[in-house]
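Take a look at the structure below.
The values are calculated or read from the model by the stated rules, or taken from the named source; none is laboratory data. Keep in mind the model is a prediction, meaning the values are calculated, not measured. Here the Cβ positions follow ideal geometry from the backbone for every residue, glycine too, while neighbour counts run over all protein chains shown.
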Amino acid sequence: MSVVIIAVLALLALAITFGAILGFASVRFKVEGNPLVDQIDGILPQTQCGQCGYPGCRPYAEAIAGGDAINKCPPGGESTIAALADLLDVDPMPLDEEHGVSQGKRVAFIREDECIGCTKCIQACPVDAILGAAKQMHTVIVDECTGCDLCVDPCPVDCIDMIPVGQTIRDWSWDKPGSKPIDSRQIIATDLQAESNDQEAA
Amino acid sequence: MRQIWDFHGGIHPPENKHQSTRQAIKNAGIPQYLFLPLSQHIGQPAVPVVEIGQRVRKGEMVAEAIGPVSVPVHAPTSGTVIAIEDHQVPHPSGLTDSCIVIETDGLDEWTELTPCEDYEELSSSDILHRVRQAGIAGLGGAGFPTAIKLHPPRNDKVNALILNAAECEPYITADDMLMRERASEVIGGLEIMASILQPEECLIGIEDNKPEAIAALREAARETQIEVVVIPTKYPSGGEKQLIRILTGLEVPQGHIPADIGVMCQNVGTSAAVYRAIRYGEPLISRITTVTGDAVAHPGNFDTLIGTRMSHLLTQAGFNADKASRVLMGGPMMGFALLSTDIPIVKTTNCLLAATDLEFPQPQPEQPCIRCGMCAEACPAELLPQQLFWFAKAQEFEKAEMYNLFDCIECGACSYVCPSSIPLVQYYRYSKNQVRTTKLEQEKSDKARERFEFRQSRLQREQEEKEAKRKARAEAAAKAQAARAAEAEAAVDPKKAAVAEAVKRAQAKREQASAPLADLTELESNVQKAKDKLAKVEASLQQAEADQSDMTDKLRNAVAKNRDRLEFAEKALADARKQSSDSDNTGTNTPPQDTEQLQRSIKRQEDKVATLKNAIEEALKSDPDRAAQLQPSLDKSLAKLAELKSALGTNSSDQSENNTPAPDPEQLQVQVDKARDKLLMMQGMLDEARQESPSDDAKVTKLTRAVEKNQERLTAAEKALTDAQQQATPVAPKISAEELETLRTNIDKARDKLSMMQGMLDEAQTESPEDEAKIAKLTRAVEKNLERVNAAETAYQEAGGEIRDPVSQS
């Protein structure tokens, strides 16, 4: 009988010890906020466009961390959904068309002749990418524009266009091999055949 | 003999160099148009400094370098700038980029140059400056600005300056021909660069498949410290890191540049360009380009002006467009196919390769990797091409990066040896692009996030600031108000004191009214209090009289008022005593309100009757029918009036049975007092409002209206009182001495009030004669009070009293 009591007491002592250690650790090494939100926020494209229905990328990140669907971000498109699916270990799903379609990268452009300088777009821009003052012509800092569309609606004279960003030499990139039937530009080492031809000729 | 090392891997593709070395370098001539891309180098694009329509001479700068990593662009011949526009440039994408277009005039007129006979006279910074101004970028293929390369960032000591003459890629012979024909320029350029860097040794690494060039270089370098090192032919020995390995046995660590290990590599073409820039002051306006391939009839090397269209050059070499399947820029290993030949030659164009289908057939379809490992054996960078391939294919770029993807030099050796025809290098290029794009996007989104968060915090801050300001303003306003109130309190305004007193009294009376059966003790204490106060006021009056003070009048008024109050209090006490005894005796207490209500109803009904009568009269004149219609209503109203009157009679008789005089004059008196107090208060408030905020019209008018209303009420109450007194007279013809005394008090009260009003009027007239409204009002009040006094006197006379000193006579 005493054996049983000793065992129970020993286990109790161990439980109390480890419980105390765990409790201390949970207080001492407490993580502020949800680190998952930061990770999700890092994946989202930060256009701050609100197409997901949340007022910005971080609120959506918080919503995703809270269990919302991952397919509500049209600017991010498939790649963002894939990255989110990978991070959260869920199945990737197609983009929810309800929140808009994935368009190519675009930037706002103000037709400066028509701008009346009302500053409404400046107030709407989530990233302060529009320069201007009251009754002065406004313009968009192209490098800072996220293409969120939020400045288009407030404009009383409809002088803001969303212009698709064209491919330039500086941001051009190679396609994945095999993604196009024949890409004659990909020339490296094609003279392998020439060698065999030479050998045949020889 | 110098020891040479070997590097890992490498291949031996067919060289095909002999085709283009058969003839000497030819001049490509001056084409009609030259297209000068602003970005022919690594770094910031140059910025045009010419205007459209401007004439430029050969060697004149047309675009300047902006920022440290940039090189300028010069006019390759004389002519006119006709456009600065986007034009196709040599790039695998086939996209356009901004170019300066010059229409040549054929004169080939040089601008003024600053030649230098002896470079040793120049300081190294002068030389570097001239190299930079000459627009020299690495001619080997990458196009890195030479001036920057010659000035290592940390001023590392360069032990070995290596001239890269390996030219390992098949077909290309531009450097070979340059060395054969202009070896002295190459050696001269190397000496100039050595004078800047002061290396311990100067080496020229050249593959053993160029015997003529080796001989020419050795000849040119005979009396110098320069050592021409012949290395075995193996692709890619011309790679910078590979050549350094071969010549010095050193390896450039990952993520470092050769300068970090004390080695520097320059291309032979660059060396010749440096020589010309220093010796003759000529900027980089032309280069030697190999035109070769089975689709050209006369392959060879051409001294070509930068900006010459490739089609022009190809024509000179006898290009057969029908035979050609593809035109490549660069060699077969690392070059890329061009989508058009309407593209300018740039500083890095070392070769144009017009190949036939037989020569460069379409690539074989990709087959599965068989894990043979040949790519790993061939890789000169000692990477694991298979692993990189898997990761690239699965888009696991992070893992590919971990396998040192960015150490790949894209030499193509792995693709060349792959038995499954897998375009491995294309996968690596794709992966590198993806990683770079992702990084750029990440940077951009981080910046966007930062800006967004900054904006949010800014907005919040602004909000808070606004809130704080608002609060501060509110506090300041409250403080100012408090200060004003304190000031007003400090300066005891007699008028205000009167108002306050009136308010106090009104409150007291209200309390009394709300508790009609107030405790007798309370009433007693009130009497006592009133007595005390009267005594106090009288004392101060005496003092004031003694001091001849201005306050005497006012104090006298106050004394009178206090006396009134005392009397009132005493009366209330007596009343209460009587009422309590009454209720004890009868047990029934008919509320006087009933009578009052009835009277009110009668009055209303009488009004109605009058109105109806009027209406009927009017109707009789105009519309008899309507009069007939109205007649029943009048009858009804009259009937109701009679009914009400009889009810009142019953009620009065009821009350007389209870020994309670119908409409109790005392109660009415209380009402009159109350109304008077209220009026006084209102008037005080109005005066105050006029003084303090004359601009506040709304307030003033409101108060004026209130005063008028109170006046009306007061008159009504007074009328009711006189009525009641008259009514009471027949009911009780023999007026008791007590009642006579009441009337007497009334007269006194009215007189007091009259004198007070007159005092106020006098004061107003002397103090603010311009305030006509006030004076008029006070005058009216005085008149009314006079009337009231007269009325009171009449009542008293009727009651049988004797007026001692009638006011009307005074």
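Annotations
- If you go through segment A:71-110 and pick out every residue that is surrounded by fewer than 13 Cβ atoms within 10 Å (Cβ to Cβ) and over 18 Å from the mean Cα position of the chain (by Cα), you end up with 1.
- Hits in segment B:145-169 (condition: out of contact with any helix residue (DSSP H, G or I) (no Cβ under 9 Å at 6 or more places or on another chain) and at pLDDT 90 or above): B:Glu169
- When residues in segment B:412-458 are screened for being over 17 Å from B:Leu388 (Cα atoms) and among the β-branched types (Val, Ile, Thr), 2 of them pass.
- Restricting attention to segment A:154-202, the residues that are charged (D, E, K, R), modelled with pLDDT of 80 or more and in contact with a strand residue (DSSP E or B) (Cβ under 9 Å, 6 or more places away or on another chain) add up to 1.
- Of all the residues in segment A:32-70, those that are surrounded by fewer than 21 Cβ atoms within 10 Å (Cβ to Cβ), within 11 Å of the chain's Cα centre (by Cα) and more than 21 Å from A:Glu144 (Cβ to Cβ) number 1.
- Some residue of segment B:740-755 being out of contact with any His (no Cβ under 9 Å at 6 or more places or on another chain) and modelled with pLDDT under 75: no
- Scanning segment A:122-141 for residues that are surrounded by 15 or more Cβ atoms within 10 Å (Cβ to Cβ), more than 14 Å from chain B (Cβ to nearest Cβ) and not in a strand (DSSP E or B) returns A:Gly132, A:Met137, A:His138.
- Where a residue in segment B:433-451 is more than 17 Å from A:Gln39 (Cβ to Cβ) and its partner, wherever it lies, is part of a helix (DSSP H, G or I), with Cβ under 6 Å and at least six apart: B:Gln434/B:Phe397; B:Val435/B:Phe397
- Scanning segment B:709-730 for any residue that is more than 16 Å from B:Lys784 (Cα to Cα), at pLDDT below 70 and exposed (fewer than 12 other Cβ atoms within 10 Å of the Cβ) turns up at least one such residue.
- The number of residues in segment B:47-65 being within 18 Å of B:Ile82 (Cα to Cα) and not in a strand (DSSP E or B) comes to 9.
- Note on segment B:458-493: residues that are over 25 Å from A:Asp128 (Cβ atoms), in a helix (DSSP H, G or I) and among the acidic types (Asp, Glu) amount to 3.
- Qualifying residue in segment B:98-119 (condition: within 30 Å of B:Cys411 (Cα to Cα) and at pLDDT 90 or above): yes
- Where helices (runs of 4 or more DSSP H) fall entirely within segment B:92-199, those with at least 2 residues that are closer than 19 Å to B:Leu36 by Cβ and either more than 14 Å from chain A (Cβ to nearest Cβ) or in contact (Cβ under 8 Å) with a residue 12 or more places away in the chain (or both) are at B:124-133.
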